[in-house]
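The values are calculated or read from the model by the stated rules, or taken from the named source; none is laboratory data. Only a predicted model underlies this, so the values are computations on that prediction, with no experimental measurement involved. All Cβ positions, glycine included, derive from the backbone under ideal geometry; neighbour counts span all protein chains shown. Surface accessibility is based on the protein's heavy atoms, side chains included, excluding ligands, DNA and RNA. Shrake-Rupley method; radii C 1.70, N 1.55, O 1.52, S 1.80 Å.
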Amino acid sequence: MKLALIGFGQAGGKVVDEFLAFDDRIDGGFVEAAIAVNSATTDLKGLEHVPRENRVLIGQARVKGHGVGADNELGAEVAEEDIDEIQHAIDRVPVHELDAFLVVAGMGGGTGSGGAPVLAKHLKRIYTQPVYGLGILPGTDEGGIYTLNAARSFQTFVDEVDNLLVFDNDAWRSAGESVEMGYDRINREIVERFGLLFAAGEVRQGDHVAESVVDSSEIINTLSNGISTVGYASETVDTDDGFLSSLTGGDDFDEGAATNRMTSLIRKGTLGRLTLPCDVGSADRGLVVATGPPKHLSRKGIEHGRQWLEDETGSMEIRGGDYPIPDRDEVGMIVLLSGVTDVPRIDQLQQVAIEAQETTAEVQASAEEEFSSLMDTGDELDALF
C-alpha cells in the first residue's frame, strides 16, 4: 500500500519520522512521501528522517514558531489559515501513485489535535484517495486539559476521515519508565503494528510473492468507515536449516506445528493488547496478515485463524493473507478490527472530558467573580482613564 504520511504536531511528526526509519529497515516500500506539520520550530528541527523541505511551519503570524500551548482551537485556526502552506508540500507528492493519505496526530496537544481534522477535511475535498487518520490518545494521568482536547478532537477527527485508527497510550504505559523512554518505546510499538499492516502486499521485483496476497484493496475495503484497532502477536522461529539438513538435502520442518502456530498467534493478537482495547465482538470487519519467513507461513493456519475470527466477531467480512519477509527470524500475525463500537476507553474519555469542561467553566466563572470583588472599591477610587 502506497501512503502519503502527514504528521501533524509534535507526536504526529515523531511517529511519521519513526515510520520512515521502519520502512527503510524492513525495505517495506509503503511510504511514498512523508510530511511533518507543526507550529513549533524546535519540534520540526528535532526530526531525523523527514526531509527538511517537507517540514512545514504554520501559525508564524500568530505564535511566532513557539507552538499553540495545548490550545487546540488555536491549532485548528492556524491550520485553516495556513492550509495553503501545507498544500504546497503536498503538491510535490506524486499523488497519482498513492493508495491513501494517512494523517497522524497526538490528540491531547494543541497543534495536532486541532489541525489534523482540518487537514483531513481539506484532503477529502480535493483528492479521490481515501484519507485515514491515526490518532494517539493521551494517558489518563496526563491531565484534564489533554483529556478534554482528545475528546473534542476525536469527536471531530472521526467525522472527517474515512477511518480513524486509534492507539491508546494508556494501555501501553509501563511503570518506572522515563517520559522520553516511554514515548520512544510506544512510537516503536505504533509503527511496527501499523507499518507491517500497510507494507503487506507491497511487492517489488525480486520479492518473495505471498501465497495469498493482501493488496491495498483488501485494506481499503476493511477500513471503509468508523474506528479501527490493531492487534499483533509474534514468535521467534528457527530459520537455520543446519548442517544435518545440508547433508540430507531436506529439513525437518513440521507443517502441523506451523499451522498451530498461525492459529495461536491470531488468537493472541486478537485477545491480547490491542492498540485500542475494545470488545472484539463489536467489530463489523477484519483482516488478518501473517508475516515472517515464507516457509513458516501456513496457509491452512491462516485460514483456520480467519474462521475463528469470523466466529468471534460474527462478521462474514474477515479477510486474510500473508506478507513474507525472508530475512526475519520471527513469525507475526497482524489483526485489524474495523468498525468497532464497544470501546470503554472512549466512553471514559468522553465522560472525563465532560466533567473537565464543566469544572473549567465553574472555575472560570468563580475567578471572574472573585476578580470583580477584588477590584470593587465602592466607587470611592477612580481609575486613571
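Of the residues in region 354-385, how many are assigned to a helix (DSSP H, G or I), open to solvent by less than 100 Å² (accessible area, probe 1.4 Å) and farther than 27 Å from I145 by Cα?
1
Can you tell which of G320, G305 is touching a Leu at 6+ places or on another chain (Cβ under 8 Å), surrounded by 10 or more Cβ atoms within 10 Å (Cβ to Cβ) and free of Cβ contacts under 8 Å to residues at least 60 places away in the same chain?
Working: G320 fails: free of Cβ contacts under 8 Å to residues at least 60 places away in the same chain.
G305 is the lone residue from the list that is touching a Leu at 6+ places or on another chain (Cβ under 8 Å), surrounded by 10 or more Cβ atoms within 10 Å (Cβ to Cβ) and free of Cβ contacts under 8 Å to residues at least 60 places away in the same chain.
So which residues in region 58-107 are touching a residue at least 60 places away in the same chain (Cβ under 8 Å) and either in contact with a His (Cβ under 7 Å, 6 or more places away or on another chain) or among the charged types (D, E, K, R) (or both)?
E97, D99
Hey, can you tell me all the residues within region 22-55 that are open to solvent by 10 Å² or more (accessible area, probe 1.4 Å), among the hydrophobic types (A, V, I, L, M, F, W, C) and without any contact (Cβ under 8 Å) to a residue 40 or more places away in the chain?
V31, L44, L47
May I ask you to verify whether G9 is crowded, with 17+ Cβ neighbours inside 10 Å, on the phi > 0 side of the Ramachandran plot and touching a strand residue (DSSP E or B) at 6+ places or on another chain (Cβ under 8 Å)?
Taking the combined requirement at face value, the residue satisfies it.
Results for (1) touching a strand residue (DSSP E or B) at 6+ places or on another chain (Cβ under 6 Å); (2) of a type outside the set (D, E); (3) closer than 19 Å to L5 by Cα; (4) free of Cβ contacts under 8 Å to residues at least 60 places away in the same chain, shown as yes or no for each residue.
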{"position": "P117", "(1), (2), (3), (4)": "no, yes, yes, yes"}
{"position": "K121", "(1), (2), (3), (4)": "no, yes, yes, yes"}
{"position": "Y127", "(1), (2), (3), (4)": "no, yes, yes, yes"}
{"position": "L134", "(1), (2), (3), (4)": "yes, yes, yes, no"}
{"position": "L137", "(1), (2), (3), (4)": "yes, yes, yes, no"}
{"position": "Y146", "(1), (2), (3), (4)": "no, yes, no, no"}
{"position": "T156", "(1), (2), (3), (4)": "no, yes, no, yes"}
{"position": "D162", "(1), (2), (3), (4)": "yes, no, yes, no"}
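When you go through L276, L297, L271 one by one, which is the residue that is touching a Ser or Thr at 6+ places or on another chain (Cβ under 7 Å), aliphatic (A, V, I, L, M) and either closer than 30 Å to D23 by Cα or touching a residue at least 60 places away in the same chain (Cβ under 8 Å) (or both)?
L276
Which pairs have Cβ atoms under 8 Å, sit 6 or more apart or on different chains, and link a residue in region 217-229 that is under 12 Å from M1 (Cβ atoms) and in a strand (DSSP E or B) to one that is open to solvent by less than 50 Å² (accessible area, probe 1.4 Å) and not polar (S, T, N, Q)?
none
Taking D327 as the residue in question, decide whether it is charged (D, E, K, R), outside any helix (DSSP H, G or I), in contact with a Leu (Cβ under 7 Å, 6 or more places away or on another chain) and farther than 25 Å from F157 by Cβ.
no
Filter the strands (runs of 3 or more DSSP E) completely within region 63-168 down to those with at least 2 residues that are of a type in the set (G, A, S) and open to solvent by less than 40 Å² (accessible area, probe 1.4 Å).
100-106, 131-137
Taking V340 as meeting all but one of (1) part of a loop (DSSP other than H, G, I, E, B); (2) of a type outside the set (D, E, K, R); (3) out of contact with any strand residue (DSSP E or B) (no Cβ under 6 Å at 6 or more places or on another chain), write down the number of the exception.
(3)
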